[in-house]
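The values are calculated or read from the model by the stated rules, or taken from the named source; none is laboratory data. Everything numeric in this text was worked out from a predicted model, so none of it was measured. No Cβ is skipped: glycine too gets one built from the backbone with ideal geometry, and neighbour counts run over all protein chains shown.
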Amino acid sequence: MNWLTAALGASVGKKLMMALTGLAFTGFLAGHLAGNLTIYGGKAAFNGYAEKLHSLGPLLKVFEVGLIGFAAVHILTGLWLFLQNRKARPVRYTLDTSPGGRTLSSRTMPYTGLIILAFVAFHLTNFTFADKTRTTIFEIVSAAFSSPIYIGIYVAAMIVVGLHVRHGFWSAFQTLGANHPKLMPTISALSVAAGLIVGFGFGLLPIFISLRY
Amino acid sequence: MSTSISLTLKIWRQSNPADKGRFKNYTVKDISTDMSFLEMLDVVNEQLTLAGEEPVAFDHDCREGICGSCGTMVNGRAHGQLKGTTLCQLHMRHFKDGDTIVIEPFRARAFPVIKDLVVDRSAFDRIIQAGGFISVNTGSAPEANTLLVPPHNAEKAMDAAACIGCGGCVAACPNASAMLFVSAKVSQFALLPQGRPEAARRALGMVRSMDTCGFGNCSNHRECEKSCPKEIAIVNIARLNREYVKASFASPES
Amino acid sequence: MRLDAKIPAGPLPQKWDLYRFETKLVNPANKRKYDIIVVGTGLAGASASASLAELGYNVKTFCIQDSPRRAHSIAAQGGINAAKNYPNDGDSVFRLFYDTIKGGDFRAREANVYRLAQVSNAIIDQCVAQGIPFAREYGGLLANRSFGGAQLSRTFYARGQTGQQLLLGAYSALMRQVAAGKVNMFPRREMLDIVVANGQARGIVTRNLVSGEIERHAAHAVLLCTGGYGNVYFLSTNAKACNVTATYRAYKRGAFFANPCFTQIHPTCIPVHGSYQSKLTLMSESLRNDGRVWVPKNAGDKRPPSQIPESERDYFLERKYPSFGNLVPRDVASRNSKEQCDQGKGVGATGLAVYLDFADAITRDGRASIEKKYGNLFQMYDKISGQDPYQTPMMIYPAVHYTMGGLWVDYNLMSTLDGLFVLGEANFSDHGANRLGASALMQGLADGYCVIPYTIGGYLAGSRFEGVGTDHAAFADTERKVRDQIQKLLSVRGKRTVDDFHRQLGLILWDHCGMSRNNAGLEKARTLIQELREEFWKNVLVPGTESDFNQSLEKAGRVADFLEFGELMVIDALARQESCGGHFNEAYQTEENEARRDDANFCHVAAWEFAGDGKDPNFHKEPLVFENVHLSQRSYK
């Protein structure tokens, strides 16, 4: 497997791993969001979605293990890249102005990534690993979002995720080589849209729940 | 029309690679706005020399934007604020009377400072040595017109080949990555039939050499593209990425 | 000493073939026993280094820049000629040969120029194989355009950056050999002297421009590919580092300097606009394909160009040369622009400029078409002058661009010093008294790719070499001399900067040994240069030390040589009592103010031998024999 480690260990290889796992997470977010939207359908719809998900059984486990694996790759590679990038310029510029390439989203990728990591841990403890023997996921969620602090944390986190996706989405295509003058304007627009959809789609849910239930 | 302006220059002075370096302030008067930026530095150097101080060392040669020798950070921008312009092509008419200009060398681990504003960019030569060529010995070339190149590809290859190797992309990149430079050479050859036989080896070799030289990784900030004096586009980086994938996963090279 | 050009026998078209057949070969196994030094990495140096390394020689290559890719060949814009005859418009090897000889005003050697035309096609093949993105037709075949001084389309080009692309091609071939371990590359090195042992050039002494170290390098042969001396004028289109030091110091070691007064003034440059100006920028000659050169009919007309009606404009090149129009050779175009300005018809703030107008071309072909052809040139003009040439005509004026003179070489490209070969602009051989557009790239690459790989073999195989290493006495002597000169420069500690002296020297030469010359002016220039040189050594101020990155010291050494070389130029100009090509002596002109050659007395190469400091150089003559062309008065009417 020497060729594979060599291929993935190089700078472009690491970026490929980031792009592929990142796109997978974008897919996951899309699925997650679709599921969450059942909340708008009410308690029964949401619990039904949760049950259906759990009825997948081993498939779900495979999926979860996959996600963990992808997360490990994305996080470790990301950190590795981040540290290498810092090392590549040991003396910083005194004055560093941008000609207009960088965006808020692109320059904060490592930081938004770490915030998302912390948030995911928090989120999993709250909802996924919560004891559901005597209650339903809907109860847990609506209970949580009766607290303004929870709402605040979730909304803020979703803005961060939106920012991360906004750069990550088009960046993944660029890294995978899918940049063509004919396609790139669409991909760039989609990237902004994806950021907004993720931010608003997830971010509005806690507010909706707290107002509705 | 030409007018005269006065400026405060904050210039990085570093006597050798081991020196820590520091900024020094200089005031210059009567700078004609028709001067180029380097001519303005010439004026400073003449004054310093006559005052018994050491002039500021900076790389420059053709002074017409093609050799790639010049380049410093001017107010935080590689080659200054003007789009598609090398430092030698930047003219003082783009500055105002009383401006303060911060002049700093290109900074990257792979570009160590030699003196003042002069940096060592030999890493670029090492990258080219790792595959930035087509292996054709003198004398063994076939008749030129036996090879048809669609003009569209020739144009795109030329867009990439326009790279002057100044290092502005590395200087502008928040990660000090050399991807734009590498991608320009890989793209030029990838787009031409002559370059295809060695495409896989070239992509792998040049990327590895870039890594060994200590450049950072590409985060798609696009700062390189915006700073490139030859306006080389990041579609070339995407093409390099494709070439790299093909080379890594679908070629006998490893 | 009689100059022997070693022109092979036989009819012109077969000379090169016969030569290659008769030349001794070096056995492949023996090639690795020979070390070759190449100084300079422009088209000639890079292509020679790569080609020789491919053959198996051990090559050591030196350049003054931080990377071999930056040599000034990179700035050539317009294109490269070859006799491919792809457009089917009547080109042939003989026609390219003839045009080059005639363009050079019959002051070049027939055999060399014919060989140049013969190998021109192989250069294009080589460059295409290297991946140079030449312009293409819709079907994918190579495109050609016509270029200054030629009535047919034989010029290959890569936008306005042909020199860059060709150089990067040669550079990539060189880098390939560096990677293969066959070339040892020494960037940021300046050659300061040639080491001669037993009458042979056996090495060089260099200064490491970063550390200041003086280094010795030994070899069996030395190739100088160090370009021209246009910077003797201070203001020229040459890069700032271009200098005469390598060739001049070789001259002082016994290599003859040929025709130093043949300098080319390029007609289409951006005019001078201030006393602080550090260099001039060329606008490619290709612009003259579509641009029309004009001045106001009335002297002193200071109206902006848009307000000067058609009837009050003088398209002087089209008027005087109806068949060539704006495409007359460079020397003719330059002199005519100067003449118009001398008559007070010059435009712009200084009155030292003429218009190059694209309005008609834009109307005819559309802006998009003009943009495609010249976009980068227009952009460059806009950047420098702050004016948009799509809206208002460009202003241009002649500037020093190329030097046809150089070290004398024979058919083998070897100088009068055994083992010292000179390639590209640094030699004198192919362009006579005037170079045609798109021929410099052709010559540089011909010398490096096509000629030297054969001729050096003949020299190496036919010579006996004693063991001369860097510990040889000749190296010690040469190094001492180099060190002494550096110390001398640093110890003056005067009051004027190096650039200050250089500017003054440049002005003297521009005024008296520039586009047009006369005996009184030349005599005056000689005295002025001598005086300036004397002052230089008493009053130059070189800051810093020798053991450091010291750009002032670098410049000082070069200007010291320019100050001597400038006088040699003037001496040569005085000795050539005729007008030809780039050398225009006002006393020798036709009634229509064209250059009048004197073939009876000056159909020769003037080769100068160094006779010692402070002494007049010795004059040697290589008569030029024309057996295949008829010497005619150049006419571009």
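Just name the residue that is farthest from the chain's Cα centre (by Cα) out of those in the stretch A:58-110 that are basic (Lys, Arg) and in a helix (DSSP H, G or I). Full working, then the answer.
Here is the first cut: in the stretch A:58-110, the residues basic (Lys, Arg) are A:61, A:86-87, A:89, A:92, A:102, A:107.
Next, from what is left, pick out any that are in a helix (DSSP H, G or I): A:61, A:86-87, A:107.
Details: A:61: 20, A:86: 24, A:87: 27, A:107: 17 Å.
Per the stated criteria, the residue is A:87.
If I ask for residues that are on the phi > 0 side of the Ramachandran plot and surrounded by 12 or more Cβ atoms within 10 Å (Cβ to Cβ), which ones from the stretch B:5-32 would you list? It would help to see each step written out before you state the result.
Looking only at the stretch B:5-32, we keep the residues that are on the phi > 0 side of the Ramachandran plot, and these are B:21, B:30.
Scanning the stretch B:5-32 gives a single hit, B:21.
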Restricting attention to the stretch C:351-410, which residues are of a type in the set (Ser, Thr, Tyr), over 30 Å from residue C:571 (Cα atoms) and part of a strand (DSSP E or B)?
-> C:355
Restricted to the stretch C:270-287, and to residues that are under 16 Å from the mean Cα position of the chain (by Cα) and more than 7 Å from every other protein chain (Cβ to nearest Cβ), which residue is nearest to residue C:150 (Cα to Cα)?
-> C:285
Taking the stated definitions as given, is residue B:44 out of contact with any Ser or Thr (no Cβ under 7 Å at 6 or more places or on another chain) and within 14 Å of chain A (Cβ to nearest Cβ)?
-> no
For residue A:213, which of the numbered conditions (1) more than 20 Å from residue B:220 (Cβ to Cβ); (2) without any contact (Cβ under 8 Å) to a residue 40 or more places away in the chain fails to hold?
-> (2)
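Working only within the stretch C:229-256, note down all residues that are part of a loop (DSSP other than H, G, I, E, B), more than 14 Å from chain B (Cβ to nearest Cβ) and crowded, with 24+ Cβ neighbours inside 10 Å.
We begin by selecting, within the stretch C:229-256, every residue part of a loop (DSSP other than H, G, I, E, B); these are C:229, C:234-244, C:253-256.
Subsequent filtering for residues that are more than 14 Å from chain B (Cβ to nearest Cβ) retains C:229, C:244, C:253-256.
Listed by number, the residues that qualify are C:229, C:244, C:255, C:256.
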On the given criteria, is residue B:28 modelled with pLDDT of 95 or more, away from chain A (no Cβ under 14 Å), within 17 Å of residue B:115 (Cβ to Cβ) and over 14 Å from the mean Cα position of the chain (by Cα)?
-> no
Would you be able to tell me the number of residues in the stretch B:65-78 that are part of a loop (DSSP other than H, G, I, E, B) and surrounded by fewer than 24 Cβ atoms within 10 Å (Cβ to Cβ)?
-> 2
May I ask you to say which residue of C:369, C:337 is free of Cβ contacts under 8 Å to residues at least 12 places away in the same chain and either of a type outside the set (Asp, Glu) or out of contact with any Pro (no Cβ under 7 Å at 6 or more places or on another chain) (or both)?
-> C:369
Is there a residue in the stretch C:243-265 that is at pLDDT below 95 and not polar (S, T, N, Q)?
-> yes
Close pairs from the stretch C:509-538: first at pLDDT 95 or above, partner in a helix (DSSP H, G or I) and surrounded by fewer than 16 Cβ atoms within 10 Å (Cβ to Cβ), Cβ under 7 Å, at least 6 apart = C:512/C:524
Looking only at helices (runs of 4 or more DSSP H) that fall completely inside the stretch C:15-75, which ones have 1 or more residues that are closer than 12 Å to residue C:454 by Cα and within 20 Å of the chain's Cα centre (by Cα)?
-> C:43-55
Here are some conditions: (1) in contact (Cβ under 8 Å) with a residue 12 or more places away in the chain; (2) in a helix (DSSP H, G or I). Residue B:175 meets all but one. Which one does it not meet?
-> (2)
Looking at A:172, A:193, which one is part of a helix (DSSP H, G or I) and either in contact with a Pro (Cβ under 8 Å, 6 or more places away or on another chain) or more than 14 Å from chain B (Cβ to nearest Cβ) (or both)?
-> A:193
What is the residue count in the stretch B:126-157 for residues that are in a helix (DSSP H, G or I), at the interface with chain C (Cβ under 7 Å from one of its Cβ atoms) and more than 25 Å from the chain's Cα centre (by Cα)?
-> 3
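Conditions tested, residue by residue: (1) among the aromatic types (Phe, Trp, Tyr); (2) touching a strand residue (DSSP E or B) at 6+ places or on another chain (Cβ under 8 Å); (3) not in a loop (DSSP other than H, G, I, E, B).
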site	(1), (2), (3)
B:6	no, yes, yes
B:10	no, yes, yes
B:49	no, yes, yes
B:52	no, no, no
B:63	no, yes, no
B:80	no, yes, no
With (1) buried (at least 24 other Cβ atoms within 10 Å of the Cβ); (2) at the interface with chain C (Cβ under 7 Å from one of its Cβ atoms) as the list, and residue B:116 as the residue in question, which single condition is left unmet?
-> (2)
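The rows are residues; the columns are (1) within 14 Å of chain A (Cβ to nearest Cβ); (2) within 21 Å of residue C:69 (Cα to Cα); (3) in contact (Cβ under 8 Å) with a residue 12 or more places away in the chain.
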| site | (1), (2), (3) |
| --- | --- |
| B:36 | no, no, yes |
| B:50 | no, no, no |
| B:60 | no, yes, yes |
| B:69 | no, yes, yes |
| B:77 | yes, no, yes |
| B:81 | yes, no, yes |
| B:88 | no, yes, yes |
| B:102 | yes, no, yes |
Do the conditions hold for residue B:160, that is, is it assigned by TED's automatic domain parsing to the domain that holds residue B:77, of a type in the set (A, V, I, L, M, F, W, C), within 21 Å of the chain's Cα centre (by Cα) and closer than 29 Å to residue B:254 by Cα?
-> no
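Quickly run through the stretch C:396-412 and pick out the residues that are crowded, with 24+ Cβ neighbours inside 10 Å and either in contact with a Cys (Cβ under 8 Å, 6 or more places away or on another chain) or of a type outside the set (Phe, Trp, Tyr) (or both).
Just the residues of the stretch C:396-412 that are crowded, with 24+ Cβ neighbours inside 10 Å, to begin with: C:396-409.
The answer is C:396, C:397, C:398, C:399, C:400, C:401, C:403, C:404, C:405, C:406, C:407, C:409.
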Return yes or no: is residue B:205 in contact (Cβ under 8 Å) with a residue 60 or more places away in the chain and part of a helix (DSSP H, G or I)?
-> yes
Which numbered condition residue A:185 fails, given (1) assigned to a helix (DSSP H, G or I); (2) more than 14 Å from chain B (Cβ to nearest Cβ); (3) modelled with pLDDT under 95 | (2)
